[in-house]
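Visitor: I have a structure here, written as structure tokens, and I will follow up with some questions on it.
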């Protein structure tokens, strides 16, 4: 027998999210807190992989849920709530990255960046395959890293990725092909014998 959810009995995730979205559309703040509790970590990790700065990812995560609060009435439920939130997150991240690219390069700040040698701890992490995988992912282009993130970490279908990122499914498939190919090359050069799936 399934555990009973204190918020309304046993129900699947999609139905629970749909109920939360309907309550949020009616300006129920408790429902927003529930949605935040269910999806905040997923949205934050997705944003962090895109923008690569924790503070910016936290700020954007808050913006995503604020936008969900404002636009809950427009949510039609065609895609999952998670996909809808990740789509908002994608657009927020793209805007943030665009703004960051437009900022000027500060030569003084760049000169102060330390050229750190690897510590023993970092050397140990280099032998860890998970750490190697993360480093290889970081070397992918933002577009390739994003589709890999959505497909493998968030387990989204090609169709869901297409709607989140706003590109045709064929483009998602092409990006996946080149991202996997590049990951295989990177892993091989890092000494990992098993290539990318």
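Visitor: Grab the Cα-Cα distance for residue 98 and residue 152, subtract it from 0.36 nm times how many residues apart they are, and report the gain in nm with one decimal.
Guide: The residue 98-residue 152 span can extend by a further 16.9 nm.
Visitor: Based on the Cβ-Cβ distance from residue 22 to residue 134, what FRET efficiency comes out when R0 is 30 Å, to the nearest 0.05?
Guide: Values: r = 38 Å, r/R0 = 1.27.
Efficiency, from the Cβ-Cβ distance: 0.20.
Visitor: Additional query: Run the numbers for residue 190 and residue 38: contour at 0.36 nm per residue of separation, minus the present Cα-Cα distance, in nm. If you can, show how the numbers build up before the last one.
Guide: Numbers: separation 152, 0.36 × 152 = 54.72 nm, distance 3.61 nm.
So the extension gain works out to 51.1 nm.
Visitor: Also, quick follow-up: Working from the pairwise distances between different alpha carbons, so that the mean of 1/r is found and then inverted, what is region 12-102's Kirkwood radius in Å? All intermediate terms of the calculation are to be shown ahead of the outcome.
Guide: Details: mean 1/r = 0.0756 Å⁻¹.
With all distinct Cα pairs of region 12-102 included, I get 13.2 Å.
Visitor: If packing is taken as the average number of other Cβ atoms within 10 Å across a peptide's residues, how do 31-39, 132-140 rank, most packed first? Walk me through the numbers on the way to the answer.
Guide: Values: 31-39: 17.7, 132-140: 15.7.
Answer by packing, highest mean first, reads 31-39, 132-140.
Visitor: When you count, for each residue, the other Cβ atoms within 10 Å and take the mean per peptide, how do 147-156, 70-79 rank with the highest first? Write down the numbers at each step before the final one.
Guide: On the way: 147-156: 19.0, 70-79: 12.6.
For the peptides 147-156, 70-79, the packing ranking is 147-156, 70-79.
Visitor: What is the distance, in nm, between label points placed 7 Å from the Cα along the Cα-to-Cβ direction at residue 54 and at residue 91?
Guide: 2.9
Visitor: Then there is this: Starting from the Cα gyration tensor of region 134-197, take the square roots of the eigenvalues, sort them a ≥ b ≥ c, and report rounded, prolate or oblate (rounded when a/c is under 1.5, otherwise prolate if a/b is larger than b/c, else oblate).
Guide: Values: a/c = 2.26, a/b = 2.17, b/c = 1.04.
Judged from the Cα gyration tensor, region 134-197 comes out prolate (a/c at least 1.5, a/b above b/c).
Values in this text are rule-based calculations from the coordinates and carry no lab data. Note that the structure is predicted; figures quoted are calculated from it, not measured. In this analysis, Cβ positions are derived from the backbone assuming ideal geometry, glycine residues included, and neighbour counts consider all displayed protein chains.
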